[in-house]
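Working notes, beginning with the structure itself.
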Number of protein chains: 2
Amino acid sequence: MSPTSRSSVGRHRERARTDRADLYAVLDAGLVCHLGLVVDGAPVVLPTGYGRIGDTVYLHGSTGARYLQAAGQAVPVCLTVTHVDGVVYARSVFSHSMNYRSAVVHGVTRAVTDDDERLAALRAIVEQLSPGSWGHARLPTRRELAATAVLAVDLAEASVKVRTGPPADDEEDVAAGGRWAGVLPVRTVFGAPEPCPRLASDVPAPPHVVTR
Amino acid sequence: MSPTSRSSVGRHRERARTDRADLYAVLDAGLVCHLGLVVDGAPVVLPTGYGRIGDTVYLHGSTGARYLQAAGQAVPVCLTVTHVDGVVYARSVFSHSMNYRSAVVHGVTRAVTDDDERLAALRAIVEQLSPGSWGHARLPTRRELAATAVLAVDLAEASVKVRTGPPADDEEDVAAGGRWAGVLPVRTVFGAPEPCPRLASDVPAPPHVVTR
């Protein structure tokens, strides 16, 4: 991730992965992607939810959202999902880095108009954010569906980068000793469910929430 | 974040913040930003580290990195930092959402060439990633500095959006009852330090790592 990362004497690995399974794994583990668009010649990067079915990523939004109106017209987008796995403390500040997994998808948006595909896409987006919610929560009405734009991006042009392992210090810095070096793991965790204040007290949090 | 979020009957809040303190707080709490560039007319979104000094955000990278060479020439960028704070489980799938804080910075890159500003910028970037490392780890050599490009982006055009609180279900869904609704908090936490395998066993993890 850090552009200063170089191949070095350490036992860390930072490399592009070419396996589809790696791509799916990084995408499927995310809560948000960062969606890049070009608006009036300038880049715009917005966080948003997403879902995946096979080799297609789906996005959704209000039909009134300006950026989705633009993206509905087959515009180029870049969609990036990043997981930070650790802060890499090196013996030199220059070799400080991060352990991470990231997927970068380049594509052109396709407006999804087929009813079945739209519903499948929305299900994938909801299940990405909150597995188990589709079916537990009330499903969309016709009016809600009409108010929702759905976009598809093909995964044909996607890359994955992963860094793992200890710092990649220069030999001299390792030999000099004295300075601590290692990795501080970073994790994303879920806390205890906080019921809606308007929820009746006899409605327990369901297993798909409690066991997440 | 979810483009489907609407103002509604709930007690949640989703709004743009205009206070500089809110902007600083979101930026200062992040480990990575997502940097958007336009390359050959198409958007590119890459995760990268950053640091802030006053109303300037700094980025760094190898002088050989292609995207930084482009960005060195005063090109428009968008730099977005997002924190996911919770998954919002609503009574309807349509009202599912996220609690989050995000900062979106639009600007034009400035290549930093002044030696003092470069060093201050690198310090800010390292301290953002790993507070306390500057001074504990070996500082950059002349050669390392020469190999590092530093870019500045002004915070003049920046916005913050924050969503907090319970789901914003429709009144009918609340009245219908039966379905659980609430928030599952999401947090980023640090694990126990993992010493580099090449570190002597008598070098303890320093306080700035242990107490993070």
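Remarks
- Listed by first and then second residue, the pairs linking a residue in region A:107-123 that is within 16 Å of residue A:49 (Cα to Cα) to a residue that is small (Gly, Ala, Ser) and surrounded by fewer than 20 Cβ atoms within 10 Å (Cβ to Cβ), with Cβ atoms under 8 Å apart and 6 or more places separating them unless they lie on different chains, are A:109/A:72; A:109/A:74; A:109/A:152; A:121/A:152.
- Residue in region B:136-150 that is closer than 30 Å to residue A:133 by Cα, crowded, with 18+ Cβ neighbours inside 10 Å and more than 9 Å from chain A (Cβ to nearest Cβ) present: no
- Every residue from region B:77-97 that is facing chain A (nearest Cβ under 7 Å) and charged (D, E, K, R): B:91
- In summary, residue A:208 fulfils each of the numbered conditions (1) part of a helix (DSSP H, G or I); (2) over 24 Å from the mean Cα position of the chain (by Cα); (3) surrounded by fewer than 19 Cβ atoms within 10 Å (Cβ to Cβ) with the single exception of condition (2).
- Of the residues making up region B:34-59, those that are within 9 Å of chain A (Cβ to nearest Cβ), in contact with a Leu (Cβ under 6 Å, 6 or more places away or on another chain) and in a strand (DSSP E or B) number 6.
- Restricting attention to region B:163-190 and to residues that are assigned to a loop (DSSP other than H, G, I, E, B) and touching a Gly at 6+ places or on another chain (Cβ under 8 Å), the residue that is surrounded by the fewest Cβ atoms within 10 Å (Cβ to Cβ) turns out to be B:165.
- Selection from region A:86-128 of residues that are surrounded by 23 or more Cβ atoms within 10 Å (Cβ to Cβ) and part of a helix (DSSP H, G or I): A:93, A:94, A:95, A:121, A:122, A:125, A:126
- Candidate set: region B:151-162, residues that are within 11 Å of chain A (Cβ to nearest Cβ) and buried (at least 18 other Cβ atoms within 10 Å of the Cβ); chosen: the one farthest from the chain's Cα centre (by Cα): B:151
- Residue-level analysis places residue A:56 among those that are touching a strand residue (DSSP E or B) at 6+ places or on another chain (Cβ under 6 Å), more than 30 Å from residue B:107 (Cβ to Cβ) and of a type outside the set (Asp, Glu).
- Test result for residue B:25, of a type in the set (A, V, I, L, M, F, W, C) and at pLDDT below 95: no
- Subset of region A:182-194 [under 14 Å from residue A:99 (Cα atoms) and either more than 7 Å from chain B (Cβ to nearest Cβ) or in contact with a helix residue (DSSP H, G or I) (Cβ under 9 Å, 6 or more places away or on another chain) (or both)]: A:182, A:184
- Failed item, numbered, when residue B:131 is tested on (1) assigned to a loop (DSSP other than H, G, I, E, B); (2) facing chain A (nearest Cβ under 9 Å): (2)
- Whether a residue is in contact with an Asp or Glu (Cβ under 8 Å, 6 or more places away or on another chain) and either at pLDDT 95 or above or within 10 Å of another protein chain (Cβ to nearest Cβ) (or both) was assessed, and residue A:105 passes this test.
The values are calculated or read from the model by the stated rules, or taken from the named source; none is laboratory data. Predicted model only: the values in this text are computed from it and were never measured. Here the Cβ is made from the backbone with ideal geometry for all residues, glycine too, and neighbour counts use every protein chain on show.
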